[in-house]
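*Asks:* The structure that follows is given in the form of structure tokens.
What follows draws every value from the coordinates through simple rules; no lab data is involved. What you are looking at is a predicted structure, and each value in this text was computed from that prediction instead of being measured. Glycine gets a Cβ as well: all are built from the backbone with ideal geometry, and neighbour counts include every protein chain shown.
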Amino acid sequence: MSPTITTSSEANGNVSAATARAAASAAATAEATGPQPVTMAKALNTALADAMHADPSVLVFGEDVGQLGGVFRITDGLTATFGEQRCFDTPLAESGIVGMAVGMAINGMRPVIEMQFDAFAYPAFEQIVSHVAKMHNRTKGAVKLPMVIRVPYGGGIGGVEHHCDSSESYYAHTAGLKVFTPATVADGYRMLREAIDSDDPVMFMEPKKLYWSKDQVDLAELRNAHSAAASAGQSSEGRAAVARPGTDATLIAYGPSVPTALAAAEAAALEGRSLEVIDVRTLVPFDDATVSESVRKTGRAVVIAEAHGFASVSSEIVARVQERCFHHLAAPIRRVTGFDIPYPAPKLEKYYLPGVDRILDAVDDLQWEN
Amino acid sequence: MTISADHTAHPDTTGQAPAEDALSEAAKKFGITAEDYMLPARHQIEMVDPDGRLKPEGEQGTEPGHEYPLPGDEELLAAYEQLVVGRRVNDQNSALVRQGRMAVYPSSHGQEACQVAAALCLSQGDWMFPTYRDAVAVMTRGVDPVQVMTIFRGDWHGGFDPLQHKVGIQCTPLTTQLLHAVGVAHAAKLRGEDTVVLAMCGDGATSEGDFHEALNFAAVFHLPVIFFVQNNKYAISVPLAHQSVAPSLAHKAVGYGMAGERVDGNDVVALLAVLDRAVKLAREGSGPLLVEANTYRMQAHTNADDDTRYRQNSEVAEWRAKDPVNRMRTYLTDRGLLDDDGEARIREKAEAVATQLRDGLSEDVPVEPQELFRHVFEKTTPQLKEQSALLADELARDAAASQNPASQEAAK
Ligand SMILES: Cc1ncc(C[n+]2csc(CCOP(=O)(O)OP(=O)(O)O)c2C)c(N)n1
Ligand SMILES: [Mg+2]
């Protein structure tokens, strides 16, 4: 169950239905109580299953999401539990998957579709930009598109080319889309449920290098908390989190870069520097208030993202912080991002990805007085 | 098997009949092979010739399994009325563009038979997904003409509620709407509804990737979608020969495992016969169909286009002789279904619609700048609230300045 690309034999759909069913029923019955070590993949899978239980109009489809359960197993067991009409494989055609989802959303469904990999979502770009993002506006709100497009994204998994792109900036740049990206296991569950509940279309960017990361999580409690929050009309949308409080500088990160930022803060603490880490969580809408509040307090900031820095979400964050916090800044805001190069081959990716040292170098550069 | 509140269906009981079984079922119904069912008949289906005479049965292009009964008189009269209205709408809109009342109008002059038949073959609960050129089809479906023209008047991207009319917003990115048609049909099928969806595109658009994806999805999921291609011979300036060298566009159907048919696109009788049967077959569960209508774009692509740069006047003149409106008038008059009174009543109706368009489009509709922000999301964002406040402030200052020119001077 490692995050491989589709060349594995399992990816050919050879898993028997019986095996899939057994796995699903085992998953359904074996949910332990109390905090347990849970992977991001399991949290996402549970969120999908819970949403499908809660609402018969929630449908899951994409490439290999049926019997196989997805190349990352995020849809594992859904076909067995809910039937082939609720979770199914489509022909290989990303534009077709998104376009059909648009039609289904027009006609009363809540499709949650999977793009197999970041770079394989590009054939769907026209549908996403010209229809998913614009339908509500074009029809003056007469047509809502409550749909979620799940995109496993980012590198750090030793993947070959076309399997490691950070494509979030394309979507964040497109007016009419909401863009979520969880960094913790609990947020994986919570934010996917909220994305499915949303009446606006959501690009749900899943950091694939975090799929197998584990946190101590109580899924039953998360489920109850979601129900309570949903009935109270609360959601994470537009709400960044302070992932680690600090006083000297702010690290602003999202998705796959959050654990890296936390590791950098940990290392900085050993050197006597207190870094606050902000997990942006929803790129669109962006939580200016939480981010600005932190930077005004610390007076220094570094923005961290895997994606190329040029014309990106990270450049947008720098611009927004600069506009709002100029008089509180003791130093220019720094960025630690991927280089402006096509995503490198597996043996070179460690030079490309923002790492703890590069982040600490940037922090050192923030014009400290002593 | 439909989606119900019992959403824990066992996978073994939810499988649908494989598409190939249903196809051979359909073929069996007509006593022909599945290939013969999917391949279009050897000739296009045509019933009333350009001179308005009913063709002898042996010359209508029909074959075993591709048989088409003549539509009823009432349906034909209703279609003729819409043809006359459609022609008037096209010419009125082109005039309004020339007068500067509308930004642009892609006219379907010459293609009215296709427009009318596409709308009339559907029932109330069915859906239609039109292109930019299909305004007349949308009006024939019952949408208010002035609302339909909003997209071209330029105060918003669309003027009608797609859900109310079960008509998609007119689509410009070529063939992207075909996939929406597939999705609407798929959702309806999962709920056990017998909705049929008609999805429209042009000949040039059949080269697009979404055309392929939509046909394939519809066939694989066995959905009641009718793909209706108006082959008007040009994609702006590019003739069909540069798009495809398939024997016909209808022949593309067999490659997806669906039935295809060609029809004289200037013969509303044949169009209704073919589309009515397609709707019936789709509703009965025979899967998707592809219908290619052979017609001609009589005018330039839009008012901004100069068609003398890429086609001969003689070619246009040849097609003028095949006009869909005139031949229907002759046919109905000769059959005694239409007299001078009937004709006058229909012309009056067409005039009334033209007046409605003139009145509706000459009105300067005030635009509301704050609408820019109102519809982007169902739940708006703090950023859009800020930007909306910025614009409101700008406008308030402009208004104050224009009310008080002295202060405007002073400000300079
Ligand atoms: C994806 C896309 N590419 C290009 C265009 C520009 N365009 C608009 S209409 C048109 C020609 C389409 O021809 P056809 O499909 O034959 O339809 P017709 O206009 O003849 O009705 C083109 C190229 C577009 N609207 N969408
Ligand atoms: Mg054309």
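*Asks:* Compute, for the range A:15-231, the length of the dipole vector about the Cα centre, with Cβ point charges of +1 (Lys, Arg) and -1 (Asp, Glu) only. Units Debye, rounded to 20.
*Replies:* 340 debye
*Asks:* Right, next: Using a Cα distance threshold of under 25 Å, what count of lysine pairs results for chain B when pairs must be 8 or more residues apart or interchain?
*Replies:* Within chain B, the lysine pair count is 19.
*Asks:* Still on this structure, I have one more. Note down the magnitude of the dipole of the range A:241-364 about its Cα centre, charges +1 on Lys and Arg C-beta and -1 on Asp and Glu C-beta and zero elsewhere, to the nearest 20 debye.
*Replies:* So the magnitude is around 60 debye.
*Asks:* Kindly express, to the nearest 10 degrees and within the range 0 to 90, the angle between helix A:185-197's C-alpha long axis and the longest C-alpha principal axis of chain A.
*Replies:* 60 degrees
*Asks:* Hey, got a sec? Which chymotrypsin sites (Phe, Trp or Tyr not before Pro) in the range B:13-103 land in a DSSP loop and have at most 13 other Cβ atoms within 10 Å?
*Replies:* none
*Asks:* Expressed as an acute angle from 0 to 90° and rounded to the nearest 10, what is the orientation of the C-alpha long axis of helix A:219-231 relative to the principal long axis of chain A?
*Replies:* Tilt of helix A:219-231: around 90 degrees.
*Asks:* If you don't mind, there's one more thing I want to ask. At q = 0.21, 0.23 Å⁻¹, what base-10 log of I(q)/I(0) does the Debye formula yield for the range B:184-244 when every alpha carbon is treated as an equal point scatterer in vacuo?
*Replies:* Scattering profile of the range B:184-244, log10 relative to I(0): -0.81, -0.90.
*Asks:* Just from the alpha-carbon atoms, what are the Rg and Dmax of the range A:56-105 in angstroms?
*Replies:* Final numbers for Rg and Dmax: 10.4, 27 Å.
*Asks:* Which three lengths, in whole Å and largest first, does the range A:15-231 cover when its Cα atoms are put on their principal axes?
*Replies:* Cα extents, longest axis first: 47, 43, 32 Å.
*Asks:* Another question about this same structure. Can you list residues whose amide H is under 5 Å from A:Cys87's amide H, if they're 5+ apart or on another chain and H is modeled 1.01 Å from N?
*Replies:* So A:Cys87 has HN proximity to A:Val60.
*Asks:* Using the charge dipole of the protein assembly as shown (Lys, Arg: +1 at Cβ; Asp, Glu: -1 at Cβ; taken about the Cα centre), state which of A:Val179, B:Met298, B:Ala135 has its Cα farthest towards the positive end.
*Replies:* A:Val179
*Asks:* Would you kindly derive the ³J(HN,Hα) couplings of the range B:154-164 from the backbone phi angles with the Karplus curve 6.51 cos²θ - 1.76 cosθ + 1.60 (θ = phi - 60°), listing them in order in whole Hz, with x for Gly and Pro?
*Replies:* x, 8, 7, 7, x, x, 10, 8, x, 6, 5
*Asks:* Next up: Does anyone have the angle between helix A:40-54 and the longest principal axis of chain A? Alpha-carbon axes, 0 to 90°, nearest 10?
*Replies:* 50 degrees
*Asks:* If I model the range A:20-141 as equal point scatterers sitting on the Cα atoms and use the Debye formula, what is log10 I(q)/I(0) at q = 0.20 Å⁻¹?
*Replies:* The Cα Debye sum returns log10 ratios of -1.12.
*Asks:* Here's another thing I want to ask about it. Compute the distance from the alpha-carbon center of the range B:268-317 to that of the range A:130-187, in whole Å.
*Replies:* One Cα centre to the other: 37 Å.
*Asks:* Then there's this: Determine which lysines satisfy two conditions relative to A:Lys347: a Cα distance under 17 Å, and not lying fewer than 8 residues away in the same chain.
*Replies:* A:Lys209
*Asks:* If eta is 0.692 mPa s and T is 37 °C, what Stokes-Einstein diffusion coefficient results for the protein assembly as shown, Kirkwood Rh from Cα pairs, in µm²/s?
*Replies:* 114 µm²/s
*Asks:* Another question about this same structure. One-quarter of the Cα convex hull surface for chain A, in nm²?
*Replies:* With the hull built on Cα positions only, its mean projection is 18.4 nm².
*Asks:* Just need the Rg to Rh number for the range A:241-364, please, alpha carbons only, Kirkwood Rh.
*Replies:* 0.95
*Asks:* So how far, in whole Å, is the C-alpha centre of the range A:297-362 from the one of the range A:252-274?
*Replies:* Value for the Cα centre distance between the two parts: 13 Å.
*Asks:* Next question, about the same structure. Which translational diffusion coefficient, to the nearest whole µm²/s, is obtained for chain B from the Stokes-Einstein equation, given a Kirkwood hydrodynamic radius over C-alpha pairs, 37 °C and 0.692 mPa s?
*Replies:* 142 µm²/s
*Asks:* Mean 1/r over all different Cα pairs, inverted: what Kirkwood radius does the range B:36-154 give, in Å?
*Replies:* Result for the range B:36-154 stands at 16.2 Å.
*Asks:* Okay, next question. Show me the GluC sites (Glu not before Pro) within the range A:221-327 that DSSP assigns to loop and that have at most 14 other Cβ atoms within 10 Å of their Cβ.
*Replies:* Passing both the DSSP loop test and the Cβ count: A:Glu271.
*Asks:* Can you pull the Kirkwood radius for the range B:210-369, inverse mean 1/r over Cα pairs, to one decimal in Å?
*Replies:* 19.0 Å
*Asks:* Just want to confirm a number: the relative contact order over chain A, from Cα pairs under 8 angstrom separated by 6+ residues, in percent.
*Replies:* Taking the mean separation of contacting Cα pairs over the length of chain A, I get 15 percent.
*Asks:* With viscosity set to 0.890 mPa s and temperature to 25 °C, compute the Stokes-Einstein D of the range A:178-237, Rh being the Kirkwood radius across alpha carbon pairs; µm²/s, no decimals.
*Replies:* My calculation gives 204 µm²/s for D.
*Asks:* Quick one: dipole size for chain A, taken about the Cα centre, charges +1 on Lys/Arg Cβ and -1 on Asp/Glu Cβ, in debye to the nearest 20.
*Replies:* 460 debye
*Asks:* As an exercise, take the mean of 1/r over every pair of distinct alpha carbons in the range B:276-409, invert it, and state the Kirkwood radius in angstroms.
*Replies:* 22.5 Å
*Asks:* Restricting to DSSP loop positions (anything but H, G, I, E, B) with no more than 14 other Cβ atoms inside 10 Å of their own Cβ, which chymotrypsin sites (Phe, Trp or Tyr not before Pro) remain in the range A:327-359?
*Replies:* Qualifying residues, ordered by number: A:Phe339.
*Asks:* Next question, about the same structure. Can you say what percent of the DSSP beta bridges in chain A, counting only those with both residues inside, are antiparallel? Round to 5.
*Replies:* Around 20 percent antiparallel, to the nearest 5.
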